[in-house]
Amino acid sequence: VQLQASGGGLVQAGGSLRLSCTASGRTFSSYVMGWFRQAPGKEREFVAVIRSSFMNTYYADSVKGRFTISRDNAKNTVYLQMNSLKPEDTAVYYCAVRESGSNVYDSKSYRYWGQGTQVTVSS
């Protein structure tokens, strides 16, 4: 099983980026798919997650209203649309996948991880 993330880059504050993460090796249509991020010197933190059932979405307070998570099960892909980016959004962003269940905010509960993509927001 592999997760391939892409779409990171350098953007000015107020700009937008769209991250993509495609899974291969199995079908993840029934799995929870999420995004986490890790800034230098900080712990990995929850950003957003989308469930398979009813496509329920959950966001960290710091990104709510600016980021949108979505998924295309036919393509085994999860997206993260990031708008109104701020310098504090600068981090390596990781996609992750796990089986359905509770505690979807906890990174330790995720079984599969992508390699990470760098997002840098300049002021």
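The values are calculated or read from the model by the stated rules, or taken from the named source; none is laboratory data. Predicted, not measured: the structure shown is a model, and the values here were computed from it. Cβ coordinates were reconstructed from backbone atoms using ideal geometry, including for glycine residues, and neighbour counts include every protein chain displayed. Ligands, DNA and RNA are excluded from the accessible area calculation, which covers all protein heavy atoms including side chains. Shrake-Rupley method; radii C 1.70, N 1.55, O 1.52, S 1.80 Å.
Residues of segment 72-111 that are farther than 19 Å from Tyr58 by Cα and either modelled with pLDDT of 95 or more or aromatic (Phe, Trp, Tyr) (or both): Lys86, Pro87, Glu88, Thr90, Ala91, Val92. Looking at the structure I just gave you, is Tyr79 surrounded by 19 or more Cβ atoms within 10 Å (Cβ to Cβ) and either within 22 Å of Gly41 (Cα to Cα) or among the β-branched types (Val, Ile, Thr) (or both)? Judged against the criteria, Tyr79 is not a match.
Residue-level check: of (1) on the phi < 0 side of the Ramachandran plot; (2) modelled with pLDDT under 95, Trp35 misses just (2). Please count how many residues of segment 60-71 are out of contact with any helix residue (DSSP H, G or I) (no Cβ under 8 Å at 6 or more places or on another chain) and open to solvent by less than 50 Å² (accessible area, probe 1.4 Å). Qualifying residue count, segment 60-71: 6. Among the residues making up segment 25-59, those that are open to solvent by 20 Å² or more (accessible area, probe 1.4 Å), under 18 Å from Lys108 (Cα atoms) and not in a loop (DSSP other than H, G, I, E, B) are Gln38, Glu45, Phe46, Tyr58, Tyr59.
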